[in-house]
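Heads up, the thing below is written out as structure tokens.
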Amino acid sequence: METTYVMIKPDGVQRGLIAEIMGRFERKGLKLVGLKSVVPSQEIAETHYEVHNERPFYPGLIKFVTSGPVVCMAWSGKDAITVARTLIGATNGREANPGTIRGDFGMDMGFNMIHGSDAPETAAFELGLWFPEGLMEWDQTITAWVYE
Ligand code: DAT
Ligand code: MG
């Protein structure tokens, strides 16, 4: 089992898409092991997007992600990182496939509503950054009906 960090960004919250987005992860069969909503500090946003700090869009990205509440989630399951990225879709909403979150609700590159870790190392880094208190350990009864 793998755990991934997923975050609804301020545009997703402002547009009233929290339940719609979370529902897709729930219905897919992933298990929720971390959940909270915060207005990200400058520091946490800069650390989260540190890999992009030389890119021209970085200042705007930090301003955007600190502009209001985000929903921080940890989802676990088999291949959870890839499964979450598939549900999320391509970075630019105009190019993302229908059926994906960005493909169904997005029209922009920067305002793309949701973040998902892209590899095991980034997932570990991001989960530690956003959930320093740790994650929930629990047995989900439906798991027996999700995996053969
Ligand atoms: P993803 O979120 O699909 O993993 P990424 O890691 O390449 O994409 O970039 C992080 C975020 O930065 C992305 O969700 C939106 C923003 N971004 C990326 N490329 C951008 C660009 N060319 N112009 C504006 N924003 C961009
Ligand atoms: Mg990324």
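In the set PRO10, PRO40, only one residue is surrounded by 17 or more Cβ atoms within 10 Å (Cβ to Cβ), in contact (Cβ under 8 Å) with a residue 24 or more places away in the chain and within 20 Å of LEU135 (Cα to Cα); that residue is PRO40.
Among residues of the stretch 103-119 that are at positive phi and more than 6 Å from ligand 1 (Cβ to nearest atom), those with a beta-carbon under 8 Å from a residue that is assigned to a loop (DSSP other than H, G, I, E, B) and aliphatic (A, V, I, L, M) at least six positions away or on a different chain give the pairs MET113/LEU17. The residue that is nearest to the chain's Cα centre (by Cα), counting only those in the stretch 79-116 that are among the charged types (D, E, K, R) and either more than 17 Å from GLU20 (Cα to Cα) or within 16 Å of ligand 2 (Cβ to nearest atom) (or both), is ARG85.
Report yes if some residue within the stretch 37-52 is small (Gly, Ala, Ser), touching a Gly at 6+ places or on another chain (Cβ under 8 Å) and away from ligand 1 (no atom under 15 Å from the Cβ); otherwise report no. No: zero hits.
Each reported figure results from applying straightforward, stated rules to the coordinates on display, with no laboratory input. On a predicted model such as this, the values are computed, not experimentally measured, just so you know. Glycine gets a Cβ as well: all are built from the backbone with ideal geometry, and neighbour counts include every protein chain shown.
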